[in-house]
Amino acid sequence: MVLPTSGSSRLKYISLGVLVLQTASLVLTMRYSRTLKEEGPRYLASSAVVSAEALKIFTCVCLVFRENNFSLWALNQLLKEEIVNKPMETMKLAVPAGIYTLQNNLLYVALSNLDAATYQVTYQLKILTTALFSVSMLGKRLGFYQWLSLLLLMAGVILVQWPTGSEGDSEQKVLSASSRFVGVMAVLVACVSSGFGGVYFEKILKETKQSVWVRNIQLGAFSIVLGFIGMMVYDGEQVSQSGMFQGYNSITCTVVVLQAMGGLVIAVVIKYADNILKGFATSLSIILSTLVSYFLLMDFQPTGVFFFGAVMVIAATFLYSYERQPASSSAIKL
């Protein structure tokens, strides 16, 4: 009895550590890659999104291949049966694919205009949007602690965005405020799209018995198509001049890999960990991102108001993950 418990506990904390590293590393490397000054054209965010989706599909195909005992025939039959022969089921994934493609592009916009610490804290508003969409679309019931945590979360994010009133060149302050506004708006729209897309995808998964990896292949296929169309519409001229992979380097490739692995890491954490550990991982990633942003990237100047707001957001994350009892009369439903 001791060994299985020990093994299960080990997997929990391993998945926790992987999630913390993946979340913090993605934000920090993405921010670094968007602010790094080097010769030649900067890599296109739209291209990186498409590349990440292609890598995600490849990884999911490998996982499905492994689940089918490394049989190419079984893999081909499964993909044909679940994707080609069920066009209506496959088409359902077009909606979340479009939303996720938009969201992934917005994250590059956000991290081009915000430091990693501010981005990490503000992006936790996706907890709020996910909760509201879960209540309205899935009929979930939230208890008192969950609603209280959402109020605490909003208050914390507002404090993080509170103007510092620091002195400096007026023109530079206007440019900085404008850039910050663009970054914050990108994060807010990404939070809404993340909440809706996540709940919509969860609803689809619950309605069918398909493997989550097969669903991710379907999702990735649409995302590649939509991402490629978006890339040609907004960056077509640059692609025709310097190619789709212009500006790619080791940092860019790291960002692509981390972004592709994000969804797979979440799947592992959901399988082996619980909501409290996920909240703990989120909190640790915020702290880690803040420290690296301040000491290494040096693009973040901490204030007392920011830290107070960040503590409120971390507390809200833990409170929302609090293991609630089965829904009772105290639960609130919209």
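Could you give the length gained on full extension between residue 206 and residue 299, defined as 0.36 nm per residue of separation minus the Cα-Cα distance, in nm? Each step should come with its number before you reach the end.
Details: separation 93, 0.36 × 93 = 33.48 nm, distance 4.24 nm.
The span from residue 206 to residue 299 would gain 29.2 nm if fully extended.
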Item checked: Between segment 196-236 and segment 114-155, the alpha-carbon center distance in angstrom -> 23
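Between rounded, prolate and oblate, where does segment 16-324 land on the alpha carbon gyration tensor, with a ≥ b ≥ c its root eigenvalues, rounded for a/c under 1.5, else prolate if a/b exceeds b/c? Walk me through the numbers before you get to the answer.
Values: a/c = 1.93, a/b = 1.25, b/c = 1.55.
Taking the square roots of the gyration eigenvalues as a ≥ b ≥ c, segment 16-324 is oblate.
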Item checked: Listed residues 136, 289 arranged by accessible area, highest first, probe 1.4 Å -> 136, 289
Next item on the list: Go through segment 25-92 and name the GluC sites (Glu not before Pro) that are in a DSSP coil and have 12 or fewer other Cβ atoms within 10 Å of their Cβ.
Entry: 38, 39
Checklist line | Heavy-atom accessible area per residue - segment 16-324, 1.4 Å, Å² | finding: 50
Next item on the list: Return the carbon/sulfur percentage of the accessible area of segment 16-324, one whole number, probe 1.4 Å, all protein chains in place.
Entry: 67
Checklist line | Low-density loop positions, chymotrypsin sites (Phe, Trp or Tyr not before Pro), segment 26-112 - DSSP coil, at most 10 other Cβ in 10 Å | finding: 70
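Where the only charges are on Cβ atoms (+1 Lys, Arg; -1 Asp, Glu), what is the dipole of segment 1-160 about its Cα centre, to the nearest 20 debye? If you can, show how the numbers build up before the last one.
Values: 14 positive and 8 negative charges, 61 e Å.
Dipole size: approximately 300 debye.
Let's see if you can work this out: charge +1 on each Lys and Arg Cβ, -1 on each Asp and Glu Cβ, no other charges. What is the dipole magnitude of segment 16-324 about its Cα centre, in debye to the nearest 20?
Numbers: 21 positive and 18 negative charges, 178 e Å.
Using only the charged Cβ atoms, the result is roughly 860 debye.
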Checklist line | Amide H within-cut-off set for residue 142, under 5 Å, with H built and near neighbours excluded | finding: 332
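The values are calculated or read from the model by the stated rules, or taken from the named source; none is laboratory data. Remember, it's a predicted structure, so these values are computed and weren't measured experimentally. When we count neighbours, we look across all protein chains shown, and the Cβ atoms used for this are built from the backbone with ideal geometry, even at glycine. Calculation scope for accessible area: heavy atoms of the full protein, side chains included, ligands and nucleic acids excluded. Shrake-Rupley method; radii C 1.70, N 1.55, O 1.52, S 1.80 Å.
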